[in-house]
1. Name the residue, out of A:R52, A:R64, A:R129, that is within 14 Å of chain B (Cβ to nearest Cβ), outside any loop (DSSP other than H, G, I, E, B) and among the basic types (K, R).
2. May I ask you to list the residues in the range B:126-153 that are basic (K, R) and either under 11 Å from B:I75 (Cα atoms) or in a loop (DSSP other than H, G, I, E, B) (or both)?
3. What are the residues in the range A:166-178 that are closer than 17 Å to A:I40 by Cα and within 12 Å of chain B (Cβ to nearest Cβ), if any?
4. Just one of (1) over 24 Å from B:L133 (Cα atoms); (2) among the hydrophobic types (A, V, I, L, M, F, W, C); (3) crowded, with 18+ Cβ neighbours inside 10 Å trips up B:L250, so point out which.
5. Taking the stated definitions as given, is A:V38 under 20 Å from A:Q150 (Cα atoms), among the hydrophobic types (A, V, I, L, M, F, W, C) and away from chain B (no Cβ under 14 Å)?
6. Listed residues A:K118, A:K163, A:K143; which is free of Cβ contacts under 8 Å to residues at least 24 places away in the same chain and either within 12 Å of chain B (Cβ to nearest Cβ) or closer than 19 Å to B:A165 by Cα (or both)?
7. Out of (1) in a helix (DSSP H, G or I); (2) within 14 Å of another protein chain (Cβ to nearest Cβ), what's the single condition that is false for B:T234?
8. Need pairs with beta-carbon distance below 6 Å; first residue closer than 22 Å to B:L112 by Cα and within the range B:143-157, second small (G, A, S) and surrounded by fewer than 23 Cβ atoms within 10 Å (Cβ to Cβ); sequence gap 6+ or separate chains.
Amino acid sequence: MKAASHPMIEVSKVSKFFGTFQALNDITFDVSDGEKVVIIGPSGSGKSTILRSINGLETIDGGRISVGGMDVSHLKTDICKVREEVGMVFQSFNLFPHKTVLENLTLAQTVVRKRSKKDAEEIAMELLRKVNIAEKAAAYPAKLSGGQQQRVAIARSLAMNPKAILFDEPTSALDPEMIGEVLDVMKNLAREGMTMVVVTHEMGFAREVADRVIFMDHGRIVEEGTPEHFFTSPTHERTKLFLSQIL
Amino acid sequence: MLDTPSPHTPIAVGDGAAIPHKSDAGLFTAWRIAFFGSIVLCLFLAFGRPDQYMAIFMFIPDGILVTFKVTLGAILLAIVFGLIAGLGRISSNRLINGAASLYVEVIRGIPLLVQLFYIYYALGRFVKIPDILSAIIAMAFCYGAYMAEIFRAGIQSIPKGQMEAALSLGMSRGQAMRQVILPQAFKVVLPPIGNEFIALLKDSSLVSILAVADLLRRGREYASETFNYFETYTVIALIYLIMTLFFSKLISIMEERLNEGR
């Protein structure tokens, strides 16, 4: 069902209301295969909302979102199918506390992908090694530091072989000394060519990894461009103000 | 908007006997005095006053068995009713939600004794099933409504991010509920369910007014033959007390084990 001409993720004219508050206002952007897009903006600007809309955790009130050619907002679309293809990493990790690290990685593989327990465990161990946390496979999430938990969460989402991963402020709940280890894992993923949409306040990461930066404010896209353009010569006053506050 | 996975806040629903707390430590706790006191008193009555009491102790054991049967059967069935109704209460389907809410509201608004009569005779009118089974169904139907609230609260106490994480991995809502939410919720609801079990054990004495020969009814039968009302009900009360104290201790031990588990 995946037409080659389609971008991986297509967001067009999306609007969303929470009651009378307009969280998203006419949002349009594409993410092509292998592209890394970083969305930045002040809190309440709608950046998390657009990310959550892409995998159907929020319903949109207008416009259209499609992922790999599947229309997310269409009622007939099996939203589970979309989510199988798009991983998500949350600010608060959301590991399953009643399962070990290994089981966190194997659960969806066996339940959704119908892999055998053995295959799922092999894939899981390989990914845990990749995020440098294989030694904690048998531990419960509560015994792990925040940075370790977030690395496990990334591995958990990778275990589904997603075509793209959405990161919703993955380092915002972490102590400063743990941010680096999570960003390193994300940079590695970027190098391997994973399609990524990242909502973050880590400007260093945006500068280094992003192919494109999107700046949002009050539910709108204010400015969009390459990191060089964005950080050295932003056109909009709002962007300049934001960057002067955050850098 | 950070909802860190916090340790689950305990939920307090139910009106059962006080489950002994770990902090009530020491040799002479209320629980120990009551439990061992009643056992000693039973032994003293049976062997110290055998002519009045021994016969009572000989007469009622099959009643204890029936009380257990009713309690166990009713709690298991009530958990099933409660889980279904509790899931219904959080369903976004308005019809299911409405039906579950109606069940809970109606049942909680009618005294248990009245419901017991009603369901027992209603069942008796349309189907032919053993008395004890009607009693179990009637008790379970009532307790299921309270259990529904426990399950609802338990499920809602699990952070929203858990469901979202499961969904984002491609699980359906049902899979997420079974694999992720319910296993965590069961741990939260176990203490209140223990409370309900003890409350149900005591309330099961109500079935004695139906034609079910439980502990209390056996006592009544004995008393009405011998006119030893005081002696008989002393024994009945002691036995109920020993049973509830025993189970509340068992539940508190289970709870501690569960907390140590992680």
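1. Sole residue among the options that is within 14 Å of chain B (Cβ to nearest Cβ), outside any loop (DSSP other than H, G, I, E, B) and among the basic types (K, R): A:R52.
2. Listed by number, the list holds a single entry, B:K128.
3. A:L166, A:F167, A:D168, A:E169, A:S172, A:A173, listed by residue number.
4. (3)
5. Criteria met by A:V38.
6. Checking each option against the conditions leaves just A:K143.
7. (2)
8. Close Cβ pairs (under 6 Å, with a partner that is small (G, A, S) and surrounded by fewer than 23 Cβ atoms within 10 Å (Cβ to Cβ)) do not exist here.
The values are calculated or read from the model by the stated rules, or taken from the named source; none is laboratory data. None of the values given here were measured: they were computed from a predicted structure. Ideal geometry is used to build each Cβ from the backbone, glycine not excepted, and the neighbour counts take in all protein chains shown.
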